[in-house]
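J.: Structure incoming, see below.
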Amino acid sequence: MIIDAKNIQKSFGTLKVLKGVDFSVEPGEVVAIMGASGAGKSTLLQILGTLLTPDGGSLSIDGTDVLSLGAHPLADFRNRRIGFVFQAHHLLPEFTAVENVMIPSLIGGTGNKQARERAQELLALVGLEARFSHKSSQLSGGEQQRVAIARALANSPAILFADEPTGNLDSRTKEEIHQLFFHLRKQLGQTIVIVTHDAGLAQLCDRSCYMVDGSFS
């Protein structure tokens, strides 16, 4: 298993958000996590992505016990082995598409030339060969999200986590982004975990897991 989470618990004050969640994913799977707002989906995703620490439980990501890592090793692991796509693209407006995609590689210590070549390769993979030099204000919403997806793949992560990745897009663009995720799985063997309210996207996934009040139903 590339993700093995057991008995994950998380509270905020007196509110129990996750109540002993078990969750596992095999390499190359595309898995949807669904449920009503407040069910705990995004909290679980943040814990799986090492952005948030659980109150209890165990978590292995790509063979690493991530809960045992100190702050600096954990940040390095996250940069190298985990990619994130959010509902908002979070592109830096002063940078071009290529420069935005280069950022994770540069943070990880990759040289400028190699990082640029990797960024161009990924932008071509997501269908943006003609947009290398465009800044985010010159891109459509769907194009901006494609840049964000390419950026998330910059360091060849073991897992791509996506939190409502098409929540801000129109119907046609949503479908294009949905298909892109499966293109990435086909081309890269990418493991993808997606939190979504979109039943159409969930139906495309290998399986869907439904959260109700902090646990899977």
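The values are calculated or read from the model by the stated rules, or taken from the named source; none is laboratory data. What you see is a predicted model, and the numbers here were worked out from it, not measured in a lab. A quick note on method: Cβ atoms are made from the backbone with ideal geometry, for glycine too, and the neighbour counts reach across all protein chains shown. Surface accessibility is based on the protein's heavy atoms, side chains included, excluding ligands, DNA and RNA. Shrake-Rupley method; radii C 1.70, N 1.55, O 1.52, S 1.80 Å.
J.: Ignoring ligands, DNA and RNA, what accessible area per residue does region 149-212 give at 1.4 Å, in Å²?
T.: With all protein chains present, region 149-212 gives 41 Å² per residue.
J.: Among rounded, prolate and oblate, which fits region 12-87 when a ≥ b ≥ c are the square roots of the eigenvalues of its C-alpha gyration tensor, a/c under 1.5 means rounded, and a/b larger than b/c means prolate?
T.: Judged from the Cα gyration tensor, region 12-87 comes out oblate (a/c at least 1.5, b/c at or above a/b).
J.: Among 99-108, 198-207, how do they line up by average Cβ neighbours within 10 Å per residue, starting with the highest?
T.: 99-108, 198-207
J.: Oh, and also: Counting only protein heavy atoms and a 1.4 Å probe, tell me what percentage of the chain's accessible area is made up of carbon and sulfur.
T.: Within the chain, the accessible surface is 49 percent carbon and sulfur.
J.: Using Cα centres only, tell me the gap between region 103-128 and region 133-194 in whole Å.
T.: Each part reduced to its Cα centre gives a spacing of 15 Å.
J.: State the number of lysine pairs found in the chain whose Cα atoms come within less than 20 Å, restricting to pairs 8 or more positions apart or on distinct chains.
T.: 9
J.: Give the Debye-formula value of log10 I(q)/I(0) at each listed q (0.10, 0.16, 0.17, 0.20 Å⁻¹), with one equal scatterer per alpha carbon of region 21-173, two decimals each.
T.: Normalising to I(0) and taking log10 leaves -0.38, -0.95, -1.05, -1.31.
J.: Then there is this: Would you kindly find the accessible area of residue 6, with a 1.4 Å probe and non-protein molecules such as ligands, DNA and RNA excluded, rounding to the nearest 10 Å²?
T.: It works out to around 110 Å².
J.: How high is the relative contact order of region 1-67, given as a whole-number percent (alpha carbon pairs under 8 Å, six or more residues apart)?
T.: About 41 percent, as a whole number.
J.: Per residue, how much accessible area does region 12-109 have with a 1.4 Å probe, in Å²?
T.: Each residue of region 12-109 exposes 47 Å² on average to a 1.4 Å probe.
J.: Which value, in debye to the nearest 20, gives the size of the charge dipole of region 69-217 about its Cα centre, when Lys and Arg are +1 and Asp and Glu are -1 at the Cβ?
T.: So the magnitude is around 440 debye.
J.: While we're on this one: Quick one: angle between helix 97-107 and the longest Cα principal axis of the chain, in degrees between 0 and 90, rounded to 10, please.
T.: So the inclination is approximately 60 degrees.
J.: Give me the percent of DSSP beta bridges within the chain that run antiparallel, rounded to the nearest 5.
T.: Just about 50 percent of them are antiparallel.
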